[in-house]
Amino acid sequence: MSPNNFAATDGNGFSGEMPEPDIQIITSGGRRIPAHSTVLASASSVLESILVRPQKRRNSEKTIRILGVPCDAVSVFVQFLSSFKCTEEQMKKHGIHLLALSHVYLVPQLKQRCTKGLAEQLTVENAVDMLQLARLCDAPDVYLKCLKLISTNFKKVEKTEGWKFLQDHDPQLELEILQFMDEADSRKKRTRRHRREQKLYLQLSEAMDCLEHICTEGCTSVGPCGDHQEPCTKKLPCSKFKTCQGVQLLIRHFATCKRRVNGGCLRCKRMWQLLRLHSSICDQPDECRVPLCRQFKVKVQQKGDDGLWKSLVEKVLSARALSSLSLLKRKREEEPRMNLDHHEVRSFLTMQCH
């Protein structure tokens, strides 16, 4: 093999005969890296445009200057253009410079590889530097990951040299980071509030189920409305007994409270709201056994409901639907498991019999 062959000259372990290199890559340190113009042009549209420019001197040697980057990083870059391969060690050592080169010379395969490699190398100490690089090189995945790490570990990050340098030289990026942190905090607050609201709507939906159950079938201490018999105290607790017990206690209080006539009892107001909410949800008022269901329906037909109450009803209905879907999904997931368990039991018994 000729000593001018790319593999022999660069020492990167390439095998197989290749045409003689026809161009030299010149680095900042003056190193000359032989390369093949066809390979460079096919791998990078930027290098292709450089190669098609007319030479100032017809007989002059073809060269491309890649400056401002360590010589070894340029060597790895040229190697990647030929083989589309880069080792973990090379990425760890030259990843930052390779990302810059892949961005400048439009090499998407290398940029993708660098993005993944640098994201794995991200630490509190280098997060700010990585963020600046990701913004300059248009690497949104790395940029977002840096922002999240800085936001989560801000007290540690603001002690680093990178953060101090950023404050002095890039106030715009500092503002972007602080805005992201503020938005992230707002998102967390909204998420927590949404979860609390959903929990409340689910509790109200469950209370509606218990109210219908108590007024239709009866539970441990309260029987169906209108029955001329004492509540069956021998009934076993229902599946939602904790909620059901609370509704039963509320009903018993509502039936005997003397302050509810004047509207001075908070517990009675809650009971009125439950009855009204049930009426807003119930689709069979003529057959419903929940007290005042039909009366509330008639009142709404005559006077209408306010927007806030309508919104509450919609959200409770939505929570009920989601809860039903979730329950159905769990049952479907459990069915194959139960069938499998039965099959295993039958197999075991068959083996025992034999």
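How high is the relative contact order of segment 20-120? Use alpha-carbon pairs under 8 Å, at least six apart in sequence, and give a whole percent.
So the answer I get is 27 percent.
With the whole protein complex present, residue 281 retains an accessible surface near 30 Å², based on a 1.4 Å probe. Couplings for segment 133-140, taken from phi via the Karplus curve 6.51 cos²θ - 1.76 cosθ + 1.60 with θ = phi - 60°, read 5, 4, 5, 5, 9, 6, 10, x Hz in order; Gly and Pro are left as x.
Please give the length that would be gained between residue 308 and residue 187 if that part of the chain were fully extended, namely 0.36 nm times their separation in residues minus their C-alpha to C-alpha distance (nm, one decimal).
41.1 nm
Cross-linked pairs 148/189; 148/199; 116/189: Cα-Cα separations exceed 23 Å for 148/199; 116/189.
If you take all other residues with their beta carbon under 13 Å from the beta carbon of residue 157, and give Lys and Arg +1 and Asp and Glu -1, the sum is 0.
Counted over segment 20-120, the DSSP beta bridges are approximately 50% antiparallel.
Around residue 44, under 15 Å between beta carbons, what's the net of Lys plus Arg minus Asp minus Glu among the other residues? Every neighbour counted, the sum reads +3.
Computed on protein heavy atoms with a 1.4 Å probe, the accessible areas place 163, 272, 309 in the order 272, 309, 163, largest first.
Counted by Cβ distance under 13 Å from residue 187, the other residues give a net charge of +4, where Lys and Arg count +1 and Asp and Glu count -1.
For segment 20-120, the fraction of C-alpha pairs more than 15 angstrom apart is 60%.
The values are calculated or read from the model by the stated rules, or taken from the named source; none is laboratory data. For clarity, every value in this text was computed on a predicted model and none was experimentally measured. Here Cβ is always computed from backbone atoms with ideal geometry, including for glycine, and neighbour counts include all displayed protein chains. Note: accessible area is taken over every heavy atom of the protein model, side chains too, but ligands, DNA and RNA are not part of it. Shrake-Rupley method; radii C 1.70, N 1.55, O 1.52, S 1.80 Å.
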